[in-house]
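Asks: Quick one: this structure, given as structure tokens, is what I'll be asking you about.
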Amino acid sequence: MNTTEAIRDRISTRAYLDKAVSNETIIKILDTARWSPSGTNTQPWKVAVVQGKTKQAITDAFLNANKNGIKPNPDYEYYPTEWVEPYKDRRFKCGMDLYKALEIGREDKEKRVEAALANYRFFDAPVTLFFFIDKIMCKGSWFDMGMFLQSVMLAAREQGLGSCPQASTSDYPDLVREILGVSADQFSLICGLSLGYADEDHPVNQYRTSREEVDSFTTWFE
Ligand SMILES: Cc1cc2nc3c(=O)[nH]c(=O)nc-3n(C[C@H](O)[C@H](O)[C@H](O)COP(=O)(O)O)c2cc1C
């Protein structure tokens, strides 16, 4: 698989087979991703590989918090509070297409909630990676982290694995830090990444997002 294929072939995988991923495979992925660039080679990423009972404990804690009406309290604001075009439209389409793939109607609030809560179950992926960054680091290091995340997803692709980055799994960072024994004073939780073998036949994995053409975001100068 070449780089172009890996980039174009990667999708957010939201249904997985009940098939274990070996630790050797996970190590291979991280061993590749560590070669991602970062400002002055600071390599600001910290990764927790979470499986089995610990993953279940995090799912239980998330679902419990949701059930008790505890408001998400992420370490950072991913999105603006007021949406404007063209982002508003793209975001709307993204959600609508996902519901369509899952055959969830416009009025079916219950199923929508269920679909959202699937995030807290990591879409039944056998592995989730949590990405943390030292609180001392600034915005620049956060984009180093973004590059690292993409490297992880592409390396996973090469290993035949699907993945889904999930900002939703940073809704309750204190719960994650507590279960994983990560210092709340030192580390911000960026997001989780579900990882596993894709259930290729599941309708949700048939759904494909689109992208704007190069001309729409590029200006040439001479
Ligand atoms: C940092 C980040 C956080 C995301 N969080 C979620 C999430 O919580 N739940 C989800 O289902 N998808 C999440 N996504 C996936 C996006 O919806 C997806 O990347 C986008 O719609 C493009 O689709 P594609 O990944 O299939 O190409 C996230 C993506 C990124 C990059």
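The values are calculated or read from the model by the stated rules, or taken from the named source; none is laboratory data. Only a predicted model underlies this, so the values are computations on that prediction, with no experimental measurement involved. All Cβ positions, glycine included, derive from the backbone under ideal geometry; neighbour counts span all protein chains shown.
Asks: Being in contact with a Gly (Cβ under 7 Å, 6 or more places away or on another chain), more than 19 Å from M1 (Cα to Cα) and either hydrophobic (A, V, I, L, M, F, W, C) or within 13 Å of the ligand (Cβ to nearest atom) (or both) is true for just one of A125, A198. Which residue is that?
Replies: Details: A198 fails: more than 19 Å from M1 (Cα to Cα).
Of the residues listed, the single one that is in contact with a Gly (Cβ under 7 Å, 6 or more places away or on another chain), more than 19 Å from M1 (Cα to Cα) and either hydrophobic (A, V, I, L, M, F, W, C) or within 13 Å of the ligand (Cβ to nearest atom) (or both) is A125.
Asks: Condition first: crowded, with 19+ Cβ neighbours inside 10 Å, in contact with a strand residue (DSSP E or B) (Cβ under 8 Å, 6 or more places away or on another chain) and of a type outside the set (S, T, N, Q). Now tell me which residues in region 166-181 satisfy that.
Replies: The answer is P173, V176, R177.
Asks: Moving on to the next point. Inspect all residues belonging to region 69-78 and state whether any of them is outside any loop (DSSP other than H, G, I, E, B) and at pLDDT 95 or above.
Replies: No: region 69-78 contains no residue that is outside any loop (DSSP other than H, G, I, E, B) and at pLDDT 95 or above.
Asks: Exactly one condition in (1) outside any loop (DSSP other than H, G, I, E, B); (2) away from the ligand (no atom under 16 Å from the Cβ); (3) without any contact (Cβ under 8 Å) to a residue 12 or more places away in the chain is false for R90; which is it?
Replies: The one condition R90 does not meet is (2).
Asks: Any residue in region 161-174 that is closer than 18 Å to E200 by Cα sitting within a Cβ distance under 8 Å of a residue that is more than 9 Å from the ligand (Cβ to nearest atom) and part of a helix (DSSP H, G or I)? List the pairs, counting only those 6 or more apart or interchain.
Replies: The qualifying pairs are L161/T25; L161/I29; G162/A156; G162/N205; S163/V152; S163/A156; S163/R157.
Asks: Further question: Name the single residue, out of those in region 5-37 being away from the ligand (no atom under 15 Å from the Cβ), of a type in the set (S, T, Y) and farther than 13 Å from Q150 by Cβ, that is surrounded by the most Cβ atoms within 10 Å (Cβ to Cβ).
Replies: Within region 5-37, the match that is surrounded by the most Cβ atoms within 10 Å (Cβ to Cβ) is T25.
Asks: Okay, moving on. Condition (residue is surrounded by fewer than 16 Cβ atoms within 10 Å (Cβ to Cβ), over 19 Å from T54 (Cβ atoms), free of Cβ contacts under 8 Å to residues at least 60 places away in the same chain and away from the ligand (no atom under 12 Å from the Cβ)) applied to region 145-153: is it met by at least one residue?
Replies: Looking through region 145-153, none of the residues is surrounded by fewer than 16 Cβ atoms within 10 Å (Cβ to Cβ), over 19 Å from T54 (Cβ atoms), free of Cβ contacts under 8 Å to residues at least 60 places away in the same chain and away from the ligand (no atom under 12 Å from the Cβ).
Asks: Another question, if that's okay. Please go through region 157-175 and pick out each residue that is over 13 Å from the mean Cα position of the chain (by Cα) and either modelled with pLDDT under 95 or of a type outside the set (K, R) (or both). If you could, list the steps in order and put the result at the bottom.
Replies: So in region 157-175, the residues over 13 Å from the mean Cα position of the chain (by Cα) come out as 157-161, 172-175.
Answer for region 157-175, where residues must be over 13 Å from the mean Cα position of the chain (by Cα) and either modelled with pLDDT under 95 or of a type outside the set (K, R) (or both): E158, Q159, G160, L161, Y172, P173, D174, L175.
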